[in-house]
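This report refers to the structure that appears directly beneath it.
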Amino acid sequence: MPNNPIVQVFGGILLIGILNFSVATASTMEELLSKVKLAAENQLKNNAESQRWLEPKFDVEVVKTNRAIPACPSETRVESLDQRGIARMRFVVICPSLQGWRYEFLAKGKVSANVAVAATDLISGKILSPIDMLRERHDITLIPDAFSDFGELEGMAARRTIRAGEVIRQNMLAAPQLVRRGEQVRIVAKREQIEVSMAGEALDNGTRGAIIRVKNSSGTQIRARVIDAGTVEPADLP
């Protein structure tokens, strides 16, 4: 029976079809992986631009799948399912011409950049200035709140001691207290070209822009907005 010419021809055609399907599937899979990788790289680039990281470098690996994915007769579309992470990014590839043709992929990302680190040990409460910082290249895949721009850090206060060489992160910093409870402050009221000031006493602590209670020199309690160190303005001015 195996020597039957018809069976041999049919078997040959079937084998060629299987091989062609395998090649087509492999080609399609490589195309999908390439598209997902490009989408992941673009997502990382956009994230780096929004964070203003200096000289970022990216590395992306798309996890391969053994699933049999049928070819899409039209151009596939890649959409992000989660734009918050870097180490693990999820994407879905969609075939617009085939209903239900959706396949998810996982992309593992790594990012390094020149970011701000502490030049020396910075004690808790220390107000940062440019001399307190250096730029060094670090893997910031798991440090998405790192900074490259010293200007964003200048004038901020350390929440805790930051060790020399440690990457400075947003959660390590706080807006400095410009006004402290019990301290004398200057109350400044401006309207058009006229400026009037008087002494007062802060009844609350306050960072820049905070609304606090202040007792003026007449003993009247007012609501005031902190505008600078030891300086406030009436919060209820039109």
Number of the exception - residue 126 against (1) closer than 30 Å to residue 58 by Cβ; (2) open to solvent by 30 Å² or more (accessible area, probe 1.4 Å): (1)
Breaking point among (1) touching a strand residue (DSSP E or B) at 6+ places or on another chain (Cβ under 7 Å); (2) in contact (Cβ under 8 Å) with a residue 24 or more places away in the chain; (3) loosely packed, with under 14 Cβ neighbours inside 10 Å, for residue 171: (1)
Test: residue in segment 135-150 that is closer than 30 Å to residue 234 by Cβ and not in a helix (DSSP H, G or I): no
Yes/no for residue 155 being open to solvent by less than 60 Å² (accessible area, probe 1.4 Å), modelled with pLDDT under 90 and in contact with a Pro (Cβ under 7 Å, 6 or more places away or on another chain): yes
Restricting segment 80-112 to residues that are open to solvent by less than 70 Å² (accessible area, probe 1.4 Å), touching a Gly at 6+ places or on another chain (Cβ under 9 Å) and assigned to a loop (DSSP other than H, G, I, E, B), the residue that is modelled with the highest pLDDT: 87
Number of the exception - residue 142 against (1) in contact (Cβ under 8 Å) with a residue 24 or more places away in the chain; (2) crowded, with 17+ Cβ neighbours inside 10 Å; (3) of a type in the set (A, V, I, L, M, F, W, C): (2)
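The values are calculated or read from the model by the stated rules, or taken from the named source; none is laboratory data. For clarity, every value in this text was computed on a predicted model and none was experimentally measured. For neighbour counting, all protein chains shown are included, and Cβ atoms are generated from backbone atoms with ideal geometry for every residue, glycine included. We work out accessible area using only protein heavy atoms, side chains counted, and drop any ligands, DNA or RNA first. Shrake-Rupley method; radii C 1.70, N 1.55, O 1.52, S 1.80 Å.
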